[in-house]
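Following: one structure in structure tokens, then a few remarks.
Bear in mind that the values in this text are calculations on the coordinates, not laboratory data. Since the structure is predicted, the reported quantities are computational estimates derived from the model, not experimental observations. Using ideal geometry, Cβ is built from the backbone for each residue, glycine included, and neighbour counts are taken over all protein chains shown.
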Amino acid sequence: MELKPKLIHVIQRAYEEECFLVSQSDATANAEVGTFGHWSLKDIIAHLAAWQAYDAANIDALRQGRPCRTIDDVHAANQAIFDAHREQAWSGVLRYAEESNATVLRLATEMEVSVLTCVSAPWAGERALWEVLVASGYVHPLIHLSEYHRLNGDTSYAIDLWEEAAGLLERLSSEPRWLGTVAYNLACAYSLGGRLDEAAHALREGLQLRSDLRDVAVADADLTALRECVNNQELFAPIEEECG
């Protein structure tokens, strides 16, 4: 199967999970008023929609030859998103999420594979456009949705989401850089869920494919439980350079 159908599928899966989580939320969760340090479910949905809208607007600008908008201070941008939607009604946030997802899907559908794979995004580290759409339309939502499940006592479902993601994302590219990142993210999910043997296995696989992630792993809060396990210290040890 070519890239586009797989790209469209992962974007659809993330939105399905958003809708599922909202449909399962109770009156208490729906009425929760979040703070910038502790977002409510409504805050999370608005946050995801805003970043999808940002990436989509930049892709449209790039296609039309207009300047792209670059955000240098992500923390300030997240604060602005939170403030902008804090008082918004649930109906408005859900409509915004639906519109943002539809726009991302439209771009994934409209653009030729040659554009998706060969044109880079200057506002996103020069990544290929298909990678930007995956990050904005699938991986970023998955990060927040799985965290919400985990923090609300459903660690098993959070891990299920990342295990499914690993299978879907591996089908998008066979490049070691990409596969290493997929394995690394799965290791983080296992570590957060206390499944340390599986976390160690996934992280070892990720580092074999992307040794540069070792520097990230030594400070990644998601891997704290794994780092504290004495049986896995070699995973975080610096690589000794060979003498010529």
>> I need the Kirkwood Rh of region 3-137: take the reciprocal of the average 1/r across all distinct C-alpha pairs and report it in angstrom.
In response: 15.7 Å
> Which trypsin sites (Lys or Arg not before Pro) from region 132-219 combine a DSSP loop assignment with at most 16 other Cβ atoms within 10 Å?
Replying inline: Arg171
> Among Gln24, Gln52, Gln88, which one moves the most in a GNM of the chain with springs linking Cα atoms closer than 10 Å?
Replying inline: Gln24
>> Can you divide the C-alpha Rg of region 115-228 by 2.2 N^0.38 Å and report the result to two decimal places?
In response: 1.07
>> Between Gln24 and Thr70, what's the calculated FRET efficiency when r is the beta-carbon distance and R0 is 35 Å? Round to 0.05.
In response: 0.45
> Hey, rough spin-label estimate for Arg177 and Ser120, points 7 angstrom out along Cα→Cβ, what's it come to in nanometres?
Replying inline: 0.8 nm
> If you place +1 on the Cβ of every Lys and Arg, -1 on the Cβ of every Asp and Glu, and leave all else neutral, what size is the dipole of the chain about its Cα centre, to the nearest 20 Debye?
Replying inline: 620 debye
> Can you give the Rg and Dmax of the chain based on its C-alpha atoms, in angstrom?
Replying inline: 18.8, 66
>> Give the separation of the Cα centroids, region 173-187 to region 46-70, in Å.
In response: 25 Å
>> Could you tell me the relative contact order of region 3-137? Use alpha-carbon pairs under 8 Å, at least six residues apart, and round to a whole percent.
In response: 35 percent
> Can you put Asp160, Asp72 in order, fewest other beta carbons within 10 Å first?
Replying inline: Asp72, Asp160
> In nm², what is the average projected area of the convex hull enclosing the Cα atoms of region 35-79?
Replying inline: 3.3 nm²
> Between Phe36 and Ala219, what FRET efficiency comes out of the Förster formula 1/(1 + (r/R0)^6) with R0 = 25 Å and r the beta carbon distance, rounded to 0.05?
Replying inline: 0.60
